[in-house]
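A short write-up of the structure that comes next.
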Amino acid sequence: MARPAEPPLLPPPLLYLLFITLALFLADWLPLPIPANGWTQALAVLLIVVGQGLSFWAMWRFRKQHTTNSNFNQPRQLLRDGPFAVSRNPINLGDTCGYCAIALLLGSLWPWLLLAPLLYLMNRNVIHPDEVQLQSLFGDTYRDYCRKVRRWL
């Protein structure tokens with residue numbers, strides 16, 4: 001049974017929540033405001049709709065194909081259609097869109113400064129172990145998929 005070498009300490013949604021919470025504390029401690037206006041609010045709404053739509057579409061595909069969407073379980077099959085034809089990690093991409101939407105609505109530079117470390121942790125602690133597991137489970141089929149579809153977008 002091929003499982004990730006080290007399951008993530010936190011599920012991805014909690015990792016995103018942790019970083020937004022940290023950004024809120026930092027913004028309160030040392031404000032670094034950025035302009036917020038109607039355009040940034042409209043963009044935030046668009047990011048929420050697109051991001052959550054992508055995430056729900058991917059979760060629906062997992063459920064429809066009777067495989068897991070959890071980083072803690074072994075998938076039964078490799079999904080390569082629907083949102084998985086656009087991104088190998090559509091749920092994480094959707095969560096990132098949501099994070100960016102919240103960052104726009106907060107009107108603070110802190111969430112943007114924390115985005116790079118957040119994505120680094122996502123790649124290192126969540127996505128890479130998943131990729132190792134999927135490669136060991138699906139071999140050449142997964143490697144071919146990786147050549148055709150980007151990790152994020």
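Only the coordinates and a few stated rules stand behind these numbers; no lab work does. Note that this is a predicted model, so its numbers are computed, not measured. Neighbour counts run over all protein chains shown; Cβ positions are idealised from the backbone, glycine included.
Just a few scattered comments:
- Once backbone amide H atoms are built at 1.01 Å from N, Ser108 has Ile34 as its partners under 5 Å, excluding neighbours fewer than 5 places away on the same chain.
- For region 32-39, Karplus couplings with θ = phi - 60° (6.51, -1.76, 1.60), whole Hz, Gly/Pro x: 10, x, 10, x, 10, 8, x, 5
- Pairwise Cα separations in region 35-77 fall into 5 Å bins from 0 onward with the following percentages, short to long: 5, 21, 16, 16, 11, 10, 8, 7, 5, 0.
- Charged-residue dipole, Cβ positions (Lys, Arg, Asp, Glu), the chain about Cα centre, Debye nearest 20: 520
- 222 nm mean residue ellipticity, helices alone, for the chain (DSSP H n ≥ 4; -39,500 (n - 2.57); rounded to 500): -21000 deg cm²/dmol
- Extension gain (nm, one decimal) between Asn73 and Leu119, 0.36 nm per residue minus Cα-Cα: 14.4 nm
- In sequence order, region 108-114 has phi-based couplings of 10, 6, 4, x, 6, 5, 8 Hz under the Karplus curve 6.51 cos²θ - 1.76 cosθ + 1.60, θ = phi - 60°, and Gly or Pro positions carry x.
- Once C-alpha pairs closer than 8 Å and six or more residues apart are averaged by separation and normalised to the residue number of the chain, the relative contact order reads 39 percent.
- Rounded to the nearest whole Hz, the Karplus-based 3J(HN,Hα) values (6.51 cos²θ - 1.76 cosθ + 1.60, θ = phi - 60°) of region 133-145 follow the sequence 4, 5, 5, 5, 7, 10, x, 4, 4, 5, 4, 5, 4, with x at glycine and proline.
- Surrounding net charge for Leu153, when Lys and Arg each add one and Asp and Glu each subtract one, Cβ distance under 14 Å: +3
- Share of pairwise Cα separations in the chain, more than 27 Å, in percent: 27
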